[in-house]
1. By its C-alpha gyration tensor, with a ≥ b ≥ c as the square roots of the eigenvalues, how is the range 67-107 shaped: rounded for a/c under 1.5, else prolate for a/b larger than b/c, else oblate?
2. Using a Förster distance of 30 angstrom, determine the FRET efficiency expected from the C-beta separation of residue 103 and residue 71, and round it to 0.05.
3. Sort out for me the Cα centre separation of the range 36-112 from the range 10-35, rounded to whole Å.
4. Quick one: grab Rg to one decimal and Dmax as a whole number for the range 3-77, Cα atoms only, in Å.
5. Net charge within 9 Å of residue 206 by Cβ-Cβ distance, Lys/Arg positive one each and Asp/Glu negative one each, not counting residue 206 itself?
6. What does the charge count around residue 8 come to, taking other residues whose C-beta lies under 15 Å from its C-beta (Lys +1, Arg +1, Asp -1, Glu -1)?
7. Calculate the FRET efficiency for residue 123 and residue 61 from the Cβ-Cβ distance with a Förster distance of 41 Å, rounded to the nearest 0.05.
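Please treat every number below as a calculation from the coordinates, not as lab data. This structure is a prediction, so every number in the text was calculated from the model and none was measured. All Cβ positions, glycine included, derive from the backbone under ideal geometry; neighbour counts span all protein chains shown.
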Amino acid sequence: MSYKLRRSAELIGVAVLKINGEQLLEVTDDGMFINLMRGYFATIGESAHPDHPDPRVRAITNFQELLVVAFREFNVITDDTIQNERKRLRAIIADEIEKFSKRAAVRNLKHVGKFNKDALGVIYDHYFSAVCSPEAQASANASGQNTPVPGQQFDQPRIQVDAQGRVETRIDLRTFKVFIGEIATWAREEVVTTNAFMQRVDKKIADHELLDR
């Protein structure tokens, strides 16, 4: 993407937030934000002032208004300003994206048993912690391939799309053991190491017949 095209896209993005500023102040979750943006872009070709008495003003579309706001009000924003703001807010944005992914995954569950929303959030955190754990990465590297073995119940960590079009991550048996070991005490071995200054508890994956089954 060329610099001019990228800069135009950035200014238009800022203008979208400015135009929808009042509605954005009423947004309380990611679902409301998505619906607001979807509704705005669905009417991008419609009149921005449909009730105005002047026909020339009524002829101005939401898209035309967006361009005017973007290049008239925000043309003073430089590329350095955008990059500095991205660096400053990167950690916050990444955290919000992670929270959004968690909420979306929990909402898509058809059966949750006796777990409540808080418990499901904790399970979700342990699950992805296990997927990103050194043990899971070592298991994936030891396989020497990312291609799953046909018939395997637990394949190597990878992204799949189910019949409903939802994205899911599959894990292998060792990653599953790491995940269960973080939740259930019987699924892990705890080794206490003591020296003259401190005492440390190391957790290890247990060889448990139930886990293999």
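1. Working: a/c = 6.62, a/b = 1.99, b/c = 3.33.
Oblate is the answer for the range 67-107, as a/c is 1.5 or above yet b/c matches or exceeds a/b.
2. Working: r = 35 Å, r/R0 = 1.18.
For residue 103 and residue 71, the calculated efficiency is 0.25.
3. Answer, in whole Å: 5.
4. 13.5, 40
5. Working: positive: 177, 188, 204; negative: 189, 207.
Around residue 206, the charge tally is +1.
6. On the way: positive: 4, 6, 7, 72; negative: 10, 73, 79.
Surrounding charge for residue 8 is +1.
7. 0.30
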